[in-house]
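S.K.: Below you'll find the structure I mean.
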Amino acid sequence: MSQTQTQTQGKVGKKPASIVYWLRLLLAVAAGFANHYLGISEVNFGELAFPLAVGIGIVFYLLSIIIVRNVLHYGEVELKGKNKYITLGGGTFIVLWVMVAVLLNTLAG
């Protein structure tokens, strides 16, 4: 077997950074659905609605950090940088979580 074939066969799996992005994307959608289906709105919770909604987002993001660090065992080496297991995909998570929550509340209202 040539060296090119051996290198190609070693790259069959997904890149760790891609897995982290997809995980955060899926958890952002789940957090948006959780905000909606738990009925977190100013009608139900008054002034506590916003802190509760943000708290749910934080819990889902912390869950993603725990999964990346302790279940998938990705660290500095796999993600190519210090604290990347925390920051990678964070913007995508926030934007998608807010968009899903707003969309579901708009469609239900």
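Rule-based calculations on the coordinates, nothing more; no lab input. None of these values were measured; they are calculated from a predicted model. FYI the Cβ positions are ideal-geometry reconstructions off the backbone, even for glycines, and counts take in every protein chain you see.
S.K.: Rank these for me by crowding, Glu78, Glu47, Glu42, going from fewest to most other beta carbons within 10 Å.
M.R.: Numbers: Glu78 16, Glu47 7, Glu42 10.
The order, fewest Cβ neighbours first, is Glu47, Glu42, Glu78.
S.K.: Hey, what do the phi angles of the range 43-48 turn into as Karplus ³J(HN,Hα) couplings, whole Hz, using 6.51/-1.76/1.60 and θ = phi - 60°, x for Gly and Pro?
M.R.: 5, 7, 10, x, 6, 7
S.K.: For the chain, give the magnitude of the charge dipole about the Cα centre (Cβ charges: +1 Lys/Arg, -1 Asp/Glu; no others), in debye to the nearest 20.
M.R.: Numbers: 8 positive and 4 negative charges, 123 e Å.
The calculation lands at about 580 debye.
S.K.: Straight-line reach only, C-alpha to C-alpha below 16 angstrom: list the aspartates and glutamates that Lys84 could link to, leaving out same-chain residues fewer than 8 apart.
M.R.: Glu76
S.K.: Which entry is the computed Rg and Dmax of the Cα atoms in Å for this structure: [x] 12.8, 38; [y] 18.0, 67; [z] 33.3, 102?
M.R.: Answer by label: [y].
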